[in-house]
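Below: the structure, in structure tokens.
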Amino acid sequence: MLSLGLIRGLIVGAIGAVIGMALTMAARVALGRPAWSADPVSFVGAISWIVFFLVGIGAFSDWWRWAQGEQAGDPHHPDPNAPQWKRYFSFDPSHKVIGIQYTVTALALMYVAGLLALIMRLELARSGLQFMSPNTYNTIMGLHGIVMIGAILLGVSGMANYLIPLMVGAPDMAFPRLNALSFWITVPGVVLIVLSFFTGGFDTGWTGYPPLGARAPLGILFFYLGVFAIGLSSILGSINFLTTTLKMRAPGMSLFRMPIFVWGMLATSIIQLVATQFIGMSFLMVVLERVLGMGFFDPAKGGDAVLFQHIFWFYSHPAVYIFILPGLGIISELLPVFVRKPLFGYKFVALSSMAIAIIGFLVWAHHMFTVGLGNVLNSTFMFTTVLVAVPTGIKFFNWLATMWEGKISFETPMLFVLGAFVIFLIGGLSGPPNGTVVTDFFLHETYWVVGHFHHTMFGGFVFPFMAAIYFWFPKVTGRMYNERLGKLHFWLMTIGFFMVTTSMFRIGLLGMRRRIADYDPALGFDTFQMIATMGGFLVGLSMLVFLVNIVRSIRAGERAPENPWRSRSLEWQISSPPPEFNYPTPPVVVGGPYDYGVPGSVYVRFGIAGASDADPARTSSDNGKS
Amino acid sequence: MSTATTHTSAVVHPEYDRLALNRFGLWLFFFSESLIFLILLLTRFYLFGTSRPEELNQTLGLAITVILLLSSFTAYRAETAIAHDDRPQFLRNLLATILLGTLFLLGVVLVEWPEAPRLGIVPQEGFGIAFFSMTGMHAFHVLSGVLLLLMVYLNGRRGAYSSDSYWGVEASIKYWHFVDVVWVFFYPALYLL
Amino acid sequence: MPWSELGRVLIVSPHPLFREGIVRLLGDQAEVVGVVASLAEARSAIRKHRPQAIIVDHENVELEEADLAPLLWPELESVRIIYVTLAGNEMIIHDRQRVVAATEKDLLDALKGASYKRQSPKESLREAHPRPAQRAPEIPERGGIMRKLTVPLLITVVLSVPVALWFWRTDLTPELAAREGQPIDFLLRLEFAIAGVIFVLCMVFFFYSLVVFRRAPGDLEDGPPVHGSTPLEVAWTVIPAIIVIGLASYAAGILWDIMPTTGYKDELVVDVTGFQWGWRFEYPDLGITSSELVLPVNRPVLFRLYSVDVIHSFWIPELRIKMDNIPGIENHLRLTPTKVGEYKVRCAELCGTAHAYMLAPVKVVEQSAFEEWVKSQTAAAPAPPTGAAGVDAQAAERGRALAQQFGCLGCHSTDGTKLVGPTWKGLFGSTRTFQDGSTRVADEEYIRESILNPSAYVVEGFPDVMPKNFKDQLSEDQIRDLVEFIKTLQ
């Protein structure tokens, strides 16, 4: 058991937490104060937990060796005698292992957050309190939000980690140890977030606004610090994505010969790098307010509650583009394969991701229209907000043009891509009523907003994530998933989803407020809430179908052909699963990535020495013939 | 999961310029870290405009600033020295940097911080919120810088660096300069406006 | 691929050491059919022996693969050309790919190769000088494309009309009761209509493609290689930009109209204080404090919004606009109620446990009714409350003020109305039945306990949501005053 990094991390982390707390209490006594004070002691305990957890799994062992003057060398030394599965529970620098670690953890978090949603849905199905106190509901609701956000961030890192080196022709990421650290720091962070439920909960929702956050129960401290850890992971991960993408591409791969998903991740990584410190600092400031009494956001002490919102939303708005740009990249990536045509307007689609990223930094105060910023500021942010629609629209029109006159097939990954298209479209179209200030005065904090962001999140992340998992499943595992179960998953999820969100839009317009466990029966929301609850359970059922499919297929799925989708992309030209260092010789890029239908076109050439049996010179004209 | 090769020698790793990759990553890290300080700076101006209390100990502020700037100079000398294989100069200047950095820390933590409340500047309210959060976050980075330089110094004593292999030195001294540049912005924002 | 398939090998190098070395290395693992020293000799050796692999000394024989290729074509179908150099880090170059082999064994391994890709000379040529991929003609004749687009465009137009009309005409929001809400409702319907049309446009093309351009089973051919169209890109960038900027400009106009920066003549000023978890309304010009909001119809109101603890948000859905109550800030909201009726203020910013119940009654009444209400409020204050003997009138008066100040009246009515909590009218001295079935007579001790520990007795039919922190906010004296006040409500 102890050979597993995860177990060592948990044990050492727990010991570290206890030591940290004990030392804090001793220091307090030495300073003449009562030993126990919930916030300061928990604060030190939580930080110690994170640090010692990382020590326990060996995240710092190479750096420790460097500190003592040793050369650490290549971090990749997988033990050939150890079973493969152990690698996933250890500090392993290989990007494919890390990608799977992130993805599996992301899915686990999605199930947890989904379960929380179903609990909320049970409470909300009828007016009146069914079985929960308002405090418990507030905590469950806040956890649903933040755990889902964590799931999305981890899912994004999962796809990025597995795919980027493969797609740019590199053997691994630029900084493999840092990469493994980026994954493992999320684990103690997630534990802290879950612990918040057991340490008093929190009643602020995931946005954690002070002054409420400064006086909330202890649970909110664990929430703030857990998010801090996950944010750190995001920043460190982006350093790897950016360096690898910009400095390690295969010869011949100019920026406009990269797979489009890499463009999506490039834009995403820029946002991660630039924005994440803002949420970290905003939460840290509330923590300092709780632990040291520093009144950043307390007007009685010279602070300002609105300051928090500015700092917080400066991250949290671009954050939603972190959530969706990779997914939109997946849509762009998969459409050509299932439509057998080049991605229409590749350059424009690539640059639209960058445009969304840049414009996305200029809109944050549209979350604050009711705070009283004044007409000038409110209008400014309204103009920047509606401008985001332009690059987003560019993607949709290019996707439609890609589909036009193609040869469309409907395997499971494509179904999820198509579903993502429709769902994200509605998400995007439900945005302007929020973005135009005067209508937002009505819609803010209603279920209209909840409907809007569930559409953008499902369309921009969940559905593309499912598409990606099904699509690359044969590459990662060497086996095929069950197509019938995949289609069942899609239909159940889509129908259930629309039941939920249509109800949400309806009651939002009728005035149903967000973040309440109970609502006035006189308002006529009951029927719609019931429909939403049933829809939610349908989505949950679909995810069970998914789980069954994945588990069974990993164990005993049919052996997959090397390139079942006849994709031109790099990673499909090597074995499934790919070799440890991906490409035995670095591939050379000699053409564009989406030249489907162009006779004699070649994207990549490979060399000898361990190269796979695939013939990359295979063009669309002779696909399927060998 | 199978691996196609069992020995690395027949696998071709493309010739990446390891140093270039490391430098690029380091600059990305500096960019990200600088935002922490930017946020604290913006907070200072958002809450208190350009005003500051008269009671700040300007002499102390000037003294520690000079010390920190001096330490950047010795750090620069240290890096240049090892780039030319002048190990004694390298070690001497590095030690000087460490000592000056430690002096800065002591000046902040043992002199400035205890004194400020006596001048009416407390961390809980008013200008003290900005003062203590900014000097605190900066001191935290100075401390980590000092520890990093100490490790480099000890390794340097063991002969770990030479003119063709001194990335550890380069990185930690660049970090030190970064921390100094932050102070170049913080000092006027806190003391001089 | 087995070693023996390296086949017949020709070695080309002017350097005897290289030739000897390779021969020695290959040993009897390959059939060496020739060992030559120059390009000219190589040519004749190739014709004579037809080797399957040629190992060329890269440093000494100045050739590009391209040079060799025409030599071989059309004599041989395929041949492997392996360039070997012993200089630097590169050992073998084949087809422009590099392999690093540090030892003799590596060299052999690399020569053997796990899987050797055979390339025709033509392919070698093309690879040596890659040409940009051929592009098929972008889009067929103009007439053709327009004909193809007619059907989906027609369907779009036909479907857009009912969709747009439905959104335009359908009332999806609560009844409108404020002047400022009118342009909001208008804009909302306009935005829905536009969104509806865009949705129809996209969905028609989407589903049309899915149906018409379905891949026939067994068809493994690709579609037409259309890469893009710059005019289209410009069009669908500029047109949406114009639409959204137009929308935002229009909305900005509305914003300035409904959120004026100067006051109206004759506006009624109401100070709204939010606290956990209730509302207090003060009319500074009239000297009234109330826990319900009474407003005269058709008169502009300036709400000044405050909070004493955390962020709340003042919202009456029928009056549309909400604005936050933020501690330390005074926010202004101007609304002109236009419809007589009863509404509710609903807190619209999560503020803790009982956020869901942070409501207050709103009554918009005719001017005359408003004046009467004002009179009753200002007149009520000095009149000592009547009640049972033993009631301390002054204490009861203080208790009434406290009940308003601390928001009790937000959940407990004084006139018998069932709100979130039980009404106080007739409370004192009555028998209460609780959720667990037990009963108790409501005496002073009962009321005191219910304030300090609300969960102790929860009346059946009511939720257990009374704030638990009154014990930190109220002194014993204040509680006694409240009890006295309750006693007067019979």
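Computed from the alpha carbon atoms alone, the convex hull of the range A:1-67 holds 85 Å³ per residue. Chain A packed on chain C takes about 9200 Å² of accessible surface away from a 1.4 Å probe, both sides summed. Look at where the Cα atoms of the range B:92-124 and of the range A:493-550 average out, and the two centres are 57 Å apart.
Largest accessible area first, the listed residues A:TRP63, A:TRP572 line up as A:TRP63, A:TRP572 when surface is computed with a 1.4 Å probe on the assembled protein chains.
At 1.4 Å probe size, with the rest of the protein present, what percent of the exposed accessible area of the range A:96-556 is carbon and sulfur atoms? Ligands and nucleic acids excluded, carbon and sulfur reach 75 percent. Packing around the peptides C:33-39, A:308-314, B:144-150, taken as the average count of other Cβ atoms within 10 Å per residue, puts them in this order, highest first: A:308-314, B:144-150, C:33-39. More than 45 angstrom separation, counting every C-alpha pair in chain A; what % is that? Every Cα pair in chain A considered, those over 45 Å come to 18 percent. Here's the picture: charge each Lys and Arg Cβ at +1 and each Asp and Glu Cβ at -1 in the protein assembly as shown, and of C:ALA235, A:HIS144, A:THR439 the one pushed furthest to the positive end of that dipole is C:ALA235. Computed from point charges on the beta carbon alone (+1 for Lys and Arg, -1 for Asp and Glu), the dipole magnitude for the range B:54-192 about its Cα centre is near 440 Debye. Selection among A:PHE283, A:LEU373, A:VAL545 by position relative to the dipole of chain A gives A:VAL545 as farthest towards the positive end (Cβ unit charges, Cα centre). Across the range C:393-487, the mean sequence separation of Cα contacts (distance under 8 Å, 6 or more residues apart), normalised by length, yields a relative contact order of 37 percent.
Using Cα centres only, tell me the gap between the range A:187-209 and the range A:361-402 in whole Å. Rounded to whole Å, the Cα centres lie 30 Å apart. GluC sites (Glu not before Pro), restricted to the range A:392-487: which are DSSP loop and have at most 14 other Cβ atoms within 10 Å? The qualifying sites: there are none.
Take each peptide in A:154-163, A:188-197, C:336-345, count the other Cβ atoms within 10 Å of every residue, and average; sorted highest first, the result is A:154-163, A:188-197, C:336-345. With the whole protein complex present, A:ASP74 retains an accessible surface near 80 Å², based on a 1.4 Å probe.
Percent of C-alpha pairs per 5 Å bin in the range A:428-506, short distances first: 3, 14, 19, 19, 13, 11, 9, 6, 4, 2, 0. Scaled to the globular estimate 2.2 N^0.38 Å, the Cα spread of the range C:163-303, given as radius of gyration, is 1.78. The dipole here belongs to the range C:268-380: it is taken about the Cα centre, uses +1 on the Cβ of Lys and Arg and -1 on the Cβ of Asp and Glu, and is about 260 debye. With kT/(6 pi eta Rh) evaluated at 37 °C and eta = 0.692 mPa s, and Rh the Kirkwood radius from Cα pairs, the range A:77-125 diffuses with a coefficient of 253 µm²/s according to Stokes-Einstein.
Any chance you could list the semi-axes, whole Å, largest first, of the equivalent ellipsoid that the Cα gyration tensor gives for the range A:104-195, using √(5λ)?
After diagonalising the Cα gyration tensor, the semi-axes are 36, 13, 7 Å.
Accessible area per residue for the range A:1-101 is 52 Å², calculated with a 1.4 Å probe on protein heavy atoms, without ligands, DNA or RNA. State the answer as a single residue: which of C:PHE314, A:PHE323, C:SER249 lies farthest towards the positive end of the charge dipole of the protein assembly as shown, with beta carbon charges of +1 for Lys and Arg and -1 for Asp and Glu, about the Cα centre. It is A:PHE323.
In µm²/s, what is D for the protein assembly as shown at 4 °C and 1.567 mPa s, where D = kT/(6 pi eta Rh) by Stokes-Einstein and Rh is the Kirkwood radius from Cα pairs?
Working: Rh = 34.8 Å.
The calculation lands on 37 µm²/s.
With the biggest extent put first, the Cα atoms of the range C:268-380 measure 38, 27, 23 Å across the principal axes. Only protein heavy atoms count here; under a 1.4 Å probe, C:LYS425 has an accessible surface of about 100 Å². Take C:ASP464: with every protein chain present and a 1.4 Å probe, its accessible area is about 60 Å². Partner shielding of C:251-264 amounts to 4, given as the average count of beta-carbon atoms from other chains within 10 Å of each residue beta-carbon.
With a 1.4 Å probe, what is the total accessible area buried between chains B and C, in Å² rounded to the nearest 100? Spell out each step's value before the answer.
Working: alone 11090 and 27990 Å², together 38650 Å².
So the total buried area for this chain pair works out to about 400 Å².
Largest accessible area first, the residues C:ARG398, A:ARG257 order themselves as C:ARG398, A:ARG257 under a 1.4 Å probe with ligands, DNA and RNA left out. Interface size, chains B and A: roughly 3800 Å² of accessible area buried, both sides included, 1.4 Å probe, rounded to the nearest 100. Beyond 22 Å, what percent of the Cα pairs of the range B:77-157 remain? That tail contains 40 percent of the Cα-Cα pairs.
What is the magnitude of the charge dipole of the protein assembly as shown about its Cα centre, with +1 placed on the Cβ of each Lys and Arg, -1 on the Cβ of each Asp and Glu, and no other charges, expressed in debye to the nearest 20? Display every interim value, and only then the final one.
Working: 97 positive and 105 negative charges, 468 e Å.
That gives the protein assembly as shown a dipole magnitude of about 2240 debye.
Summed over qualifying helices (DSSP H, 4 residues or more, each -39500 (n - 2.57)) and divided by its residue number, the protein assembly as shown shows a 222 nm mean residue ellipticity of -18500 deg cm²/dmol.
Going highest first, how would you order A:330-339, A:44-53 by mean Cβ packing within 10 Å?
Taking the mean over residues of other Cβ atoms within 10 Å, the ranking is A:330-339, A:44-53.
Computed over the range A:327-412, the P(r) tail beyond 19 angstrom holds 50 percent of alpha carbon pairs.
I need the chymotrypsin sites (Phe, Trp or Tyr not before Pro) found in the range C:268-335, filtered to DSSP loop residues with at most 13 other beta carbons within 10 Å of theirs. Filter output for the range C:268-335: empty list.
Inter-chain neighbour count for A:302-309: the average number of beta-carbon atoms from partner chains within 10 Å of each residue's beta-carbon is 6.
Annotation: lysines with alpha-carbon distance below 20 angstrom to C:LYS148 (same-chain offsets under eight excluded): A:LYS341, A:LYS407. Solvent exposure of the range C:393-487 amounts to 48 Å² per residue of accessible area, where only protein heavy atoms count and the probe is 1.4 Å. Among the listed pairs C:LYS339/C:LYS468; A:LYS395/C:LYS322; A:LYS347/A:LYS475, which have their C-alpha atoms separated by more than 29 angstrom in this model? Violating the 29 Å limit, Cα to Cα: C:LYS339/C:LYS468; A:LYS395/C:LYS322. Counting Cβ atoms of other protein chains within 10 Å of each Cβ in A:284-297 and taking the mean gives 4.
When only alpha carbons are used to place a centre, the range A:11-88 and the range C:317-337 end up 49 Å from one another.
The values are calculated or read from the model by the stated rules, or taken from the named source; none is laboratory data. Just so we're clear, the structure is a prediction, and the values are computed from it rather than from any experiment. Quick reminder, even Gly has a Cβ in these numbers, built from the backbone with ideal geometry, and neighbours come from all protein chains shown. Surface areas here come from the heavy atoms of the whole protein model, side chains and all, with no ligands, DNA or RNA. Shrake-Rupley method; radii C 1.70, N 1.55, O 1.52, S 1.80 Å.
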